[in-house]
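What follows is a set of notes on a single structure, which appears directly below.
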Amino acid sequence: MPSCPGPVRGTIRPPGSKSITNRALVCAALARGTSRLSGVLDSQDTRVMAAGLGALGLRITADWDRGVVDVTGGAGSLPATGAQIDCAASGTTMRFLCAVCALGRGTYRLDGTARMRQRPIDDLLAALRALGVDATAESPGGCPPVTIRSDGLPGGRAEVHGGTSSQFASGLALVAPCSATGLEIGFAGRLVSLPYLEMTRRVMEAFGGRCEVVDDRTWHVPPGGYTARDFVIEPDASAASYFFAAAAITGGSVTVEGLSRRSMQGDVGFCDVLERMGCSVAWDEAGVGSITVSGRAARGIDVDMNAISDTVPTLAVVALFAAGPTTIRNVAHIREKETDRIGDLARELRRLGASVEECADGLRIDPRPLEAAAVATYDDHRMAMSLALAGLRMPGLRILDPACVGKTFPDYWRRLARLARLDSTGWPAPWRD
């Protein structure tokens, strides 16, 4: 970056939530009738999910420019008796559609990128096998490609381990209302990213599914299916974290519209972490709501980020400019994301001059004098969007492979440039490779 913009000030509404979009697409595809989803995120992950549902014979009509998708549901069944589904790099698509395919009557194969073939999924497949579904993973360590052979999902009880991803339990829960007798889902072991399970439950109930929380280790989901409806998707709280961080790094003030304490997304809790670091946070609960973060994140903290683990790279970059160390704990599962978000993040922060101690389940970041460098992104959208924020204080920072942000936020560079009052001519300069 040739020059730094000073304190970042402005108002922004991020695009729709990827996590809510993909859950709503599944519920609508399994519902009785035609649903209209609005505020839908246009990204690689959401297009892959829509295409995967289409491959299963479900009717998906998308106007991506307007953020509107019409979905004619299959009333709990799948028209296609076989499909080859390319999940690309989308973990939600792989995990949710493995569960969806269990509702079908036929043979379905799901595959993805080279990195997807390294991301374990056998905990979910073991739960499906316990329910009578023939579910197998072809790669070592219980990783995709996955083949699902099913004659429908009868229901019953299954336990799912949640130590790698909450998406395993979410996938089972999403299809449970369409099983013959319903499902009782037991959560075994340590659970991660719990707010995403609550998001799943709330989206299910919006489409008429019932999900009874028996206790903190058991959900009971009775049969009955879903009913089509019009559904508005709120802005993406994980995407919002980058703009909140821009204020925290530069001592500015950024308002994000469309989010509040009422949000389905646990990642709004990132603002509470910034407040502990010294920022001021104002929550406006009127109407659609808004959140404003102001001032610098002046001090390092010790924080358990298990519940908001997608924002770990964002906080790590904020920590570069705080006084004193920041320790991030209880996020061992993010090593299994699009890249190893502990080891690879530590490597790139050190490239900028930070002192970083890598732990099994997190990081300790000690601020040091920093120097701009070219940083790698490992084809990981969150690495690119987070590391770029250091450029707001470090002239000359370069992001390699900036196009990887297309996975969840194709418009990121232009939106960040506008908020920070940077010249976006020939974008993504100043972060181009």
Among the residues of region 356-368, is any outside any helix (DSSP H, G or I) and more than 22 Å from residue 277 (Cα to Cα)? yes
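Against the definition (in the same structural domain as residue 46 (by TED's automatic domain parsing), out of contact with any His (no Cβ under 7 Å at 6 or more places or on another chain) and touching a residue at least 60 places away in the same chain (Cβ under 8 Å)), how does residue 226 come out, yes or no? Walk me through how you get there before you give the answer.
Details: in the same structural domain as residue 46 (by TED's automatic domain parsing): yes; out of contact with any His (no Cβ under 7 Å at 6 or more places or on another chain): yes; touching a residue at least 60 places away in the same chain (Cβ under 8 Å): yes.
Spelling it out, residue 226 is indeed in the same structural domain as residue 46 (by TED's automatic domain parsing), out of contact with any His (no Cβ under 7 Å at 6 or more places or on another chain) and touching a residue at least 60 places away in the same chain (Cβ under 8 Å).
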For residue 68, state whether it is of a type in the set (A, V, I, L, M, F, W, C), assigned by TED's automatic domain parsing to the domain that holds residue 183, modelled with pLDDT of 95 or more and surrounded by 17 or more Cβ atoms within 10 Å (Cβ to Cβ). no
Where in region 137-214 are the strands (runs of 3 or more DSSP E), entirely inside, with at least 3 residues that are surrounded by fewer than 15 Cβ atoms within 10 Å (Cβ to Cβ) and touching a residue at least 12 places away in the same chain (Cβ under 8 Å)? none
Got a number for residues in region 340-371 being within 24 Å of residue 392 (Cα to Cα) and surrounded by 18 or more Cβ atoms within 10 Å (Cβ to Cβ)? 13
Return yes when residue 60 is buried (at least 24 other Cβ atoms within 10 Å of the Cβ) and assigned to a strand (DSSP E or B) and no when it is not. no
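Is it true that some residue in region 47-55 is assigned by TED's automatic domain parsing to the domain that holds residue 204, assigned to a strand (DSSP E or B) and out of contact with any helix residue (DSSP H, G or I) (no Cβ under 6 Å at 6 or more places or on another chain)?
Of the residues in region 47-55, the ones assigned by TED's automatic domain parsing to the domain that holds residue 204 are 47-55.
Add one more test, that the residue is assigned to a strand (DSSP E or B), and what stays is none.
The answer is no, given that none of the residues of region 47-55 is assigned by TED's automatic domain parsing to the domain that holds residue 204, assigned to a strand (DSSP E or B) and out of contact with any helix residue (DSSP H, G or I) (no Cβ under 6 Å at 6 or more places or on another chain).
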If you take the residues of region 374-405 that are hydrophobic (A, V, I, L, M, F, W, C) and surrounded by fewer than 20 Cβ atoms within 10 Å (Cβ to Cβ), which of them is farthest from residue 319 (Cα to Cα)? 403
Against the conditions (1) crowded, with 19+ Cβ neighbours inside 10 Å; (2) modelled with pLDDT of 95 or more; (3) under 24 Å from residue 274 (Cα atoms), where does residue 408 fall short? Just the number, please. (2)
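The values are calculated or read from the model by the stated rules, or taken from the named source; none is laboratory data. Keep in mind that this is a model prediction, so the values were computed, not measured. Methodologically, a virtual Cβ is constructed for each residue, glycine included, from the backbone with ideal geometry; neighbour enumeration extends over all protein chains shown.
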